[in-house]
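Structure, as structure tokens:
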């Protein structure tokens with residue numbers, strides 16, 4: 001029964017090679033075929049990415065990506081041990097969060113050191129909506145504003161929100177469009193909720209080509225939207241005071257992420273504590289080559 005469950009859990013999570021990952025095309029990677037949870041666990045063990053190694057203080061995380069969630073996962077997940085389901089979810093999502101943060105830190109270095117008229121700097125300013133055009137240089141004040149925006153999200157908080165917003169990857173929107181963070185889309189191209197609130201306009205849930213795209217969009221949303229200004233200010237203050245940027249601390253600023261307000265914050269903090277996600281804030285990416293997990297059809 002255990003082996004059967006282990007095979008089901010992984011095949012249904014939908015690690016398929018149907019996404020191009022265009023923004024990763026210039027990076028070296030290898031494809032590793034996975035046919036069961038046994039094989040995934042063997043891969044985790046090979047990279048010392050297990051509970052046993054974690055408990056010993058190893059915080060190294062391999063560079064793993066996957067393409068999405070299978071349509072059968074929602075049905076089957078109710079028959080899978082909760083602890084096992086959580087471990088698969090967190091271990092597959094953590095590398096995506098860390099890789100997204102890695103890219104942000106590279107951008108942050110550009111913001112810190114590039115000349116005021118650097119094309120790379122101006123492109124970042126445009127990306128973070130500080131400038132609408134990339135043909136004029138940045139002032140010192142604008143550079144400081146950009147530093148407030150171009151910064152990481154604590155992995156513990158990102159993982160807790162991904163689990164909460166996607167229902168542990170069982171949401172229809174996660175299955176159909178890799179929507180792990182419940183981001184809204186007013187372009188008319190989003191996935192329409194069954195009970196759309198017309199007074200809020202013609203909105204839908206944003207869809208993404210891959211889970212990694214969803215994580216990156218979530219971080220850009222946090223770093224640019226006015227509703228999350230409190231988070232950015234607190235994060236900067238923690239940096240100035242040379243304190244750790246933790247999920248438990250920043251979660252307290254997300255009262256506008258959900259209509260549940262304080263109850264949403266309390267839920268995130270409870271999830272972080274119960275699942276010991278604070279440890280992931282200490283995690284770092286390994287120097288191993290990027291691994292694309294794939295299965296045969």
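The values are calculated or read from the model by the stated rules, or taken from the named source; none is laboratory data. These numbers come from a predicted model, not from an experiment. Using ideal geometry, Cβ is built from the backbone for each residue, glycine included, and neighbour counts are taken over all protein chains shown.
Exactly one residue out of 94, 42, 125, 114 is within 30 Å of residue 249 (Cβ to Cβ) and free of Cβ contacts under 8 Å to residues at least 12 places away in the same chain: that is 114.
Residue by residue through region 187-198, note down the ones that are modelled with pLDDT of 70 or more and in a loop (DSSP other than H, G, I, E, B).
Kept after step one, since they are modelled with pLDDT of 70 or more, are these residues of region 187-198: 189, 191-192.
189, 192, listed by residue number.
Note on region 66-131: enclosed helices (runs of 4 or more DSSP H) holding 3 or more residues that are out of contact with any helix residue (DSSP H, G or I) (no Cβ under 9 Å at 6 or more places or on another chain) and either surrounded by 18 or more Cβ atoms within 10 Å (Cβ to Cβ) or at pLDDT 85 or above (or both) are 82-113, 119-127.
So in region 5-52, with the set limited to residues that are in contact with a strand residue (DSSP E or B) (Cβ under 6 Å, 6 or more places away or on another chain) and part of a loop (DSSP other than H, G, I, E, B), which one is modelled with the lowest pLDDT? Of everything passing the filter in region 5-52, 17 is modelled with the lowest pLDDT.
Quickly run through region 259-279 and pick out the residues that are closer than 28 Å to residue 226 by Cβ and buried (at least 17 other Cβ atoms within 10 Å of the Cβ). Working first, answer last.
So the first thing to find is which residues in region 259-279 are closer than 28 Å to residue 226 by Cβ, and the list is 259-272, 277.
264, 265, 268, 269, 271, 272, 277 - these are the residues of region 259-279 that are closer than 28 Å to residue 226 by Cβ and buried (at least 17 other Cβ atoms within 10 Å of the Cβ).
Only one of 162, 158 is within 22 Å of residue 233 (Cβ to Cβ), touching a residue at least 12 places away in the same chain (Cβ under 8 Å) and surrounded by 20 or more Cβ atoms within 10 Å (Cβ to Cβ). Can you tell me which?
Working: 162 fails: within 22 Å of residue 233 (Cβ to Cβ).
Selected residue: 158, the only one of 162, 158 that is within 22 Å of residue 233 (Cβ to Cβ), touching a residue at least 12 places away in the same chain (Cβ under 8 Å) and surrounded by 20 or more Cβ atoms within 10 Å (Cβ to Cβ).
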